[in-house]
Amino acid sequence: MAGMAIMSCFPGMGIPLPYWIFGFCAPLFISTPVCLLLARQAEQKRQLAKTLHAAMEELRRLAEIDQMTGLLNRASFLSRLEKARLATPGLCLLIDVDHFKAINDRAGHAAGDQALKSIAESLRHAVRDEDLCGRLGGEEFAVYLSGVPEALGATMAERIRETVEALVIRAEHGPVIRPTISVGCAHARDSLSAEQMLRRADLAMYAAKAAGRNQVRLAA
């Protein structure tokens, strides 16, 4: 339009009205749809990037979760435990379901899976938001009570044991299951890695089993 206005200033270069109308309307009808299309494509790309980011976050979360129980899996628990013990010393609990093979043999594997899910749910509700709770594999679980001294941690571990002992799991077409757990406790120390702390808790847990099961023992 500016070029047409300059040209019309020269003698003999008058521009008829239809050309003025065309010069005004052509950019409007061409550039406006193009701009709208580009804006729409930009919004689609933004939404796609948001969807991909959400999908990646979900995959990352699923990679850290034990699919049966919804607790942290072994690798994720150990990784977080190492960071947690350095940030805030606390008490690590190693938990094993008593006579779990007998539960599977007597009531079936589906009932055994249900027992694990129910125990995991009990653990999840027994711990605080700042604590860690994971399934290490099979019928073995672990909990890290962040910032909890040994004496208080033992009391909390006993409460967890009592909560599991109170469970009544009714297997479909099978017997009623009343699970119990043996719990070993080890307090975090600066010189101990996460694996070493778990080993101490493991020894305490085996001491609980040797003493008759369904009890809590502190690491020596």
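Out of Gly174, Gly212, one residue alone is on the phi > 0 side of the Ramachandran plot and over 26 Å from the mean Cα position of the chain (by Cα). It is Gly212. Across region 164-199, the qualifying residues are those that are over 29 Å from Ala102 (Cα atoms) and of a type in the set (Gly, Ala, Ser), and the one among them that is surrounded by the fewest Cβ atoms within 10 Å (Cβ to Cβ) is Ser191.
Restricting attention to region 176-220, the residues that are more than 25 Å from His109 (Cβ to Cβ) and either in a strand (DSSP E or B) or touching a helix residue (DSSP H, G or I) at 6+ places or on another chain (Cβ under 6 Å) (or both) total 11. Identification of helices (runs of 4 or more DSSP H) wholly contained in region 62-143 with 1 or more residues that are farther than 23 Å from Arg200 by Cβ, in contact with a Pro (Cβ under 8 Å, 6 or more places away or on another chain) and in the same structural domain as Leu192 (by TED's automatic domain parsing) yields 100-107, 109-126.
The values are calculated or read from the model by the stated rules, or taken from the named source; none is laboratory data. Everything numeric here is computed off the predicted structure, so don't read it as measured data. Please note: Cβ atoms are built from the backbone with ideal geometry, for glycine as well, and neighbour counts cover all protein chains shown.
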